[in-house]
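Single-structure report; data block below.
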Amino acid sequence: MNQELPPPPVIELIKVSKFYPPDVEALSDISFAIDKGEIVYLTGMSGAGKTTLIRLISRMEKESQGMLDVAGFDLSKLNHRTIHLLRRKIGVAYQDFKLLPNRTVADNIAISMEVVYQKTSVIEARVRNLLEQLNLSKKYDTLTAELSSGEQQRVSIARAAANHPEILLADEPTGNLDAENTARVMSLFYQLNRQGCTLLIATHDKSLFRGHNRRVMELRGGRLLTTGHLFPGTQP
């Protein structure tokens, strides 16, 4: 009797390395796979290579060696004319936020939905819902340049989540947040995951995954020490 093959991973890296001139090896021989619907944490000290890895998976940068397959795309074959097809499937919350400072909070969150021609009513409803979840409702019309770093971080997360991405990449998403707002962000992430989103969360904060049954990968000096182990606990 024929057995159905399991679906392919939504993120797969095989022997990926990244070099910067003249002789900096940021990542070396990285291999792992993430299945659809997983929440995976990427941990390691500052400088371990977490941000570089996020940038490779989101195709902000190109690998020096190896193979990356993300959301069904071979990243080595993407160019400036086709990369938008990948970006429609991925949301990224950057460590440095990458917000438009002269635009409002609502404008920044709406961008990812506008580029795929969502209806104005759908965009506004989604923006207001995200702002309420992240305790930012009063900042709807505020320019992002006028926000605190913690507020900017939450806007970046809302923008990444806005278009219901298949994959969400988050780089130190709670680094500027207090305990209450950290809980709000994690609640949003779990909600997205229940809706089918796969998440890769880069963090040095072990409290985010301690006590949860989630896979954790550790980077050290640009090398992956483990492809993941489960921390025991109750899954949210």
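The values are calculated or read from the model by the stated rules, or taken from the named source; none is laboratory data. Note that the coordinates shown come from a computational prediction; the quantities given were computed from them, not determined experimentally. Note that each Cβ is placed from the backbone with ideal geometry, even for glycine, and that neighbours are counted across all protein chains shown.
Points to keep in mind about this one:
- Members of region 128-179 found to be over 16 Å from Leu200 (Cβ atoms), polar (S, T, N, Q) and touching a Phe, Trp or Tyr at 6+ places or on another chain (Cβ under 7 Å), listed by number: Gln152, Gln153
- The residues listed here are Leu42, Leu56; of these, the one that is over 14 Å from Leu224 (Cα atoms) and surrounded by 13 or more Cβ atoms within 10 Å (Cβ to Cβ) is Leu56.
- Hits in region 1-52 (condition: in contact with a Ser or Thr (Cβ under 6 Å, 6 or more places away or on another chain), assigned to a loop (DSSP other than H, G, I, E, B) and either of a type in the set (Asp, Glu) or farther than 15 Å from Leu169 by Cα (or both)): Glu38
- Number of the condition not met by Ser207 [criteria: (1) assigned to a loop (DSSP other than H, G, I, E, B); (2) surrounded by fewer than 19 Cβ atoms within 10 Å (Cβ to Cβ)]: (1)
- Condition check for Pro101: under 22 Å from Ile39 (Cα atoms) and in contact with a strand residue (DSSP E or B) (Cβ under 9 Å, 6 or more places away or on another chain): no
- Looking at Leu13, Leu85, Leu56, just one residue is without any contact (Cβ under 8 Å) to a residue 40 or more places away in the chain and either among the hydrophobic types (A, V, I, L, M, F, W, C) or out of contact with any Gly (no Cβ under 7 Å at 6 or more places or on another chain) (or both), and that residue is Leu85.
- Leading residue by the ranking (surrounded by the fewest Cβ atoms within 10 Å (Cβ to Cβ)) among those in region 59-85 that are among the polar types (S, T, N, Q) and more than 22 Å from Glu25 (Cβ to Cβ): Asn79
- Applying the criterion of being in contact (Cβ under 8 Å) with a residue 40 or more places away in the chain and in a helix (DSSP H, G or I) to the residues of region 117-148, the residue that is surrounded by the fewest Cβ atoms within 10 Å (Cβ to Cβ) is Ala145.
- Evaluation of Leu225 against (1) without any contact (Cβ under 8 Å) to a residue 40 or more places away in the chain; (2) out of contact with any strand residue (DSSP E or B) (no Cβ under 7 Å at 6 or more places or on another chain); (3) outside any loop (DSSP other than H, G, I, E, B); (4) of a type in the set (A, V, I, L, M) (one fails), failing number: (2)
- With respect to the stated conditions, Leu168 is in contact with a Cys (Cβ under 6 Å, 6 or more places away or on another chain), under 17 Å from Tyr41 (Cα atoms), outside any helix (DSSP H, G or I) and not small (Gly, Ala, Ser).
- Test: residue in region 151-167 that is surrounded by 15 or more Cβ atoms within 10 Å (Cβ to Cβ), more than 17 Å from the chain's Cα centre (by Cα) and modelled with pLDDT of 95 or more: yes
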